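The values are calculated or read from the model by the stated rules, or taken from the named source; none is laboratory data. What you are looking at is a predicted structure, and each value in this text was computed from that prediction instead of being measured. Note that each Cβ is placed from the backbone with ideal geometry, even for glycine, and that neighbours are counted across all protein chains shown. These area figures cover heavy atoms from the full protein model, side chains too; ligands, DNA and RNA do not enter into them. Shrake-Rupley method; radii C 1.70, N 1.55, O 1.52, S 1.80 Å.
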Amino acid sequence: DPSYSNIYNIDLKYEWFMSKDELFSIAAFTKQINDPINLVVASDATGTQRYFRTGDAANVLGGEIELRKNLLTNEKNETKLSVGVNATYMHTEQDLKDSQGTYTLSFNKSSDKLQGASPLLLNADINYSPVFGNYKPMATLVFSYFSDRIDAIGSGQLGNVIEKGVPTL
């Protein structure tokens, strides 16, 4: 089917559950995407962005680390204060090939990073869960960040449209 890509992946992961609420995890992964489909700025008068099959293959290689740790617990060993962090690094590369049809794709390079994939992802949180009788409120402060990534691949002499990474709290 020309509207799908085949994706093959291998994940290797080690997880250590220090308690029912605590975790340490480290992982490595690789993915191969055959016939990748990407959002591309078409080289026509409108500069419209459309999805195209842009090459034969894309490859992803990365690693991830995660930690969830209790800082304070109550007398029933229930979590009152905890922190968590998750970080992922990915190296991506795909081949680009020109195509003719209703819309012409002409790239000025033979490869690029994968559209939509950030090389770096960071997430962190702090949770506070006090207990007042039967009332168990939870307050969470969350931080999230992704590094700059390609939002749309530029064809012809158009450059890539880049989505800037913005930290969020």
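A Cβ distance below 9 Å, combined with a sequence gap of six or more or placement on separate chains, defines the contacts here; from the stretch 10-37, residues that are of a type in the set (A, V, I, L, M, F, W, C) reach residues that are open to solvent by 60 Å² or more (accessible area, probe 1.4 Å) and not in a strand (DSSP E or B) in the pairs I37/S3; I37/Y4. It is to be established whether one or more residues within the stretch 52-73 are farther than 20 Å from K31 by Cβ and in a loop (DSSP other than H, G, I, E, B). So far as the stretch 52-73 goes, no, none of its residues is farther than 20 Å from K31 by Cβ and in a loop (DSSP other than H, G, I, E, B).
The lone criterion from (1) open to solvent by 30 Å² or more (accessible area, probe 1.4 Å); (2) modelled with pLDDT under 95; (3) touching a strand residue (DSSP E or B) at 6+ places or on another chain (Cβ under 8 Å); (4) not hydroxyl-bearing (S, T, Y) left unmet by K136 is number (3).
Quick one: is E93 free of Cβ contacts under 8 Å to residues at least 40 places away in the same chain, among the acidic types (D, E) and more than 29 Å from I10 (Cβ to Cβ)? In short, no. The listed residues are G154, G62, G159, G116, and the only one of them that is open to solvent by less than 80 Å² (accessible area, probe 1.4 Å), without any contact (Cβ under 8 Å) to a residue 12 or more places away in the chain and under 30 Å from S3 (Cα atoms) turns out to be G159. So which residues in the stretch 10-23 are open to solvent by 80 Å² or more (accessible area, probe 1.4 Å) and assigned to a strand (DSSP E or B)? The answer is I10, D11, L12, K13, Y14, E15, W16, F17. Of the residues making up the stretch 65-112, those that are among the polar types (S, T, N, Q), open to solvent by 70 Å² or more (accessible area, probe 1.4 Å) and on the phi < 0 side of the Ramachandran plot are Q100, T102, N108, S110.
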